[in-house]
Amino acid sequence: MGVAAGLLLDRAFGEPPDAWHPVAWFGSAMARVERRTYADRRTAGARYAVAGAGLGALAGAALGRLGSTGLATAVGVASAGRMLRHTSGQVEARLVAGDLAGARELLPWLVGRDPRGLDEAGVSAAVVESLAENTVDAVVAPALWGLVAGAPGVLVHRAVNTMDAMVGHRSPRYARFGTVAARADDVLAWVPARLFAGIVALDTGLGTLPASLRGRPSAGSSARTVLATVRRDAPAHPSPNAGVAESAVAGALGVELGGPLVYAGRREDRPTLGSGPRPGPADIGRARRLVDRVERAVVLLGVALWAADRGRAWRRRPR
């Protein structure tokens, strides 16, 4: 129930301002740690990652003393589903209005790639990919780690994921220093990414994506299509988890994601994911509705597990 309540808190209120956001505080603290400890070595990066994870664990342990209230607070702080959906809607609106420059200007709120030179399909693909990957990181993973390890699990994951965003990319500065943070994030997101893909497949198989919303020849997407796309395309992606999430959404929507991009000043020839046309602005809305249903399913799962636990406790009561 604490996990479900935390996701509902984010749905209701969204992200607090940066000046009051604990994740922003953590990022500022770790930037200072980096300035003091940086060296072009993996051992230095390991010390940095351990310090950040330890800080997350301490904060989680403090919240854990508050029981379900503390867990709900941790999940609410670590989740960002509302922000993802809101920002993707803003980009979609600008594309629909023909304001490609404005859409490119908003894109860095969602992705780290260079938006310059992206056409309408490139911006749309970037947003759909961000909705997929970040729903794993900022919805499914906080919920799962909350169920597994309570508030400390939630905030350790958020700490590791934030450090990965800060130092985990393959730039010359962080190629060694960020390795431990990046690998730790891969480990912590491995199960959530596959849970996300499973929910997407189930959602598609149940027919909750109406044909009128698909509007493409590939409207016959099924759970089998989603899973087959993941098995075929995800292994070629450089991320063991982003590839799973993005290929699942590509299979569900019947579009092609991936392909070349410019990131941190260098070109990356990433594999394509899915079969179909490149996405357009309408596909952003379809992806947003899909990940919203994923979040709703996770909320319902939390409530169902709570109800099952209460039922077991009731049956164990002395008569």
Give the residue that is modelled with the lowest pLDDT, with candidates limited to residues of region 271-306 that are in contact with a strand residue (DSSP E or B) (Cβ under 7 Å, 6 or more places away or on another chain) and surrounded by fewer than 21 Cβ atoms within 10 Å (Cβ to Cβ). Pro271
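For region 99-125, name all the residues that are open to solvent by less than 10 Å² (accessible area, probe 1.4 Å), out of contact with any strand residue (DSSP E or B) (no Cβ under 6 Å at 6 or more places or on another chain) and of a type in the set (A, V, I, L, M). Full working, then the answer.
To start, the set of residues in region 99-125 that are open to solvent by less than 10 Å² (accessible area, probe 1.4 Å) comprises 102-103, 107, 123-125.
Narrowing the set further to residues that are out of contact with any strand residue (DSSP E or B) (no Cβ under 6 Å at 6 or more places or on another chain) leaves 102-103, 107, 123-124.
Hits for region 99-125 are Ala103, Leu107, Val123.
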Give me the pairs: first residue in region 29-47 and open to solvent by less than 40 Å² (accessible area, probe 1.4 Å), second residue at pLDDT 95 or above and among the charged types (D, E, K, R), beta-carbon distance under 7 Å, and six or more apart or on different chains, which are they? Gly45/Arg176
Being modelled with pLDDT of 95 or more, part of a helix (DSSP H, G or I), in contact with a helix residue (DSSP H, G or I) (Cβ under 7 Å, 6 or more places away or on another chain) and among the β-branched types (Val, Ile, Thr): is that true of Val154 here? yes
Residues in region 129-145 that are buried (at least 24 other Cβ atoms within 10 Å of the Cβ) and over 8 Å from the mean Cα position of the chain (by Cα) total 4
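Taking region 165-177 as the search range and keeping residues that are open to solvent by 70 Å² or more (accessible area, probe 1.4 Å) and not in a helix (DSSP H, G or I), which one is modelled with the lowest pLDDT?
Arg170
Taking Val249, is it under 23 Å from Asp203 (Cα atoms) and open to solvent by less than 70 Å² (accessible area, probe 1.4 Å)?
Values: under 23 Å from Asp203 (Cα atoms): yes; open to solvent by less than 70 Å² (accessible area, probe 1.4 Å): yes.
Answer is yes for this residue.
Taking the condition acidic (Asp, Glu), touching a Leu at 6+ places or on another chain (Cβ under 8 Å) and at pLDDT 95 or above, does Glu92 pass? Before the answer, list the steps.
Values: acidic (Asp, Glu): yes; touching a Leu at 6+ places or on another chain (Cβ under 8 Å): no; at pLDDT 95 or above: yes.
No, not satisfied.
Tell me yes or no: at least one residue of region 12-21 is in a helix (DSSP H, G or I) and surrounded by 14 or more Cβ atoms within 10 Å (Cβ to Cβ). If you could, list the steps in order and put the result at the bottom.
First, pick out the residues of region 12-21 that are in a helix (DSSP H, G or I): 12-13, 18-20.
Next, from what is left, pick out any that are surrounded by 14 or more Cβ atoms within 10 Å (Cβ to Cβ): none.
No: region 12-21 contains no residue that is in a helix (DSSP H, G or I) and surrounded by 14 or more Cβ atoms within 10 Å (Cβ to Cβ).
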For a quick check of your reading of the model, give me the residue pairs whose first member lies in region 5-21 and is without any contact (Cβ under 8 Å) to a residue 60 or more places away in the chain and among the charged types (D, E, K, R), whose second is in a helix (DSSP H, G or I) and surrounded by 15 or more Cβ atoms within 10 Å (Cβ to Cβ), with beta-carbon atoms closer than 9 Å and at least 6 apart or on different chains. Asp18/Ala24
Residues in region 238-246: is at least one in a helix (DSSP H, G or I), acidic (Asp, Glu), at pLDDT 95 or above and more than 22 Å from Ile284 (Cβ to Cβ)? no
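Based on this model, can you work out whether Val148 counts as open to solvent by 20 Å² or more (accessible area, probe 1.4 Å), over 12 Å from the mean Cα position of the chain (by Cα), under 27 Å from Ala308 (Cα atoms) and among the aliphatic types (A, V, I, L, M)?
Details: open to solvent by 20 Å² or more (accessible area, probe 1.4 Å): yes; over 12 Å from the mean Cα position of the chain (by Cα): yes; under 27 Å from Ala308 (Cα atoms): yes; among the aliphatic types (A, V, I, L, M): yes.
Yes.
In region 218-226, is there at least one residue being over 28 Å from Glu92 (Cβ atoms), assigned to a helix (DSSP H, G or I), open to solvent by 20 Å² or more (accessible area, probe 1.4 Å) and modelled with pLDDT under 95? Show your work before the answer.
Here is the first cut: in region 218-226, the ones over 28 Å from Glu92 (Cβ atoms) are 224.
In the following step, the residues that additionally are assigned to a helix (DSSP H, G or I) were identified as 224.
The next check asks that each one be open to solvent by 20 Å² or more (accessible area, probe 1.4 Å); those that pass are 224.
This time we only want the ones that are modelled with pLDDT under 95, so: 224.
Within region 218-226, one or more residues are over 28 Å from Glu92 (Cβ atoms), assigned to a helix (DSSP H, G or I), open to solvent by 20 Å² or more (accessible area, probe 1.4 Å) and modelled with pLDDT under 95.
Just one of Val191, Val180, Val187 is modelled with pLDDT of 95 or more and surrounded by 24 or more Cβ atoms within 10 Å (Cβ to Cβ); which is it? Spell out how you get there, then give the answer.
On the way: Val191 fails: surrounded by 24 or more Cβ atoms within 10 Å (Cβ to Cβ); Val187 fails: surrounded by 24 or more Cβ atoms within 10 Å (Cβ to Cβ).
That would be Val180, the only listed residue that is modelled with pLDDT of 95 or more and surrounded by 24 or more Cβ atoms within 10 Å (Cβ to Cβ).
The values are calculated or read from the model by the stated rules, or taken from the named source; none is laboratory data. This one's a predicted model, so the numbers in the text were calculated from it and none came from an experiment. In this analysis, Cβ positions are derived from the backbone assuming ideal geometry, glycine residues included, and neighbour counts consider all displayed protein chains. Note: areas computed on protein heavy atoms with side chains; ligands, DNA, RNA excluded. Shrake-Rupley method; radii C 1.70, N 1.55, O 1.52, S 1.80 Å.
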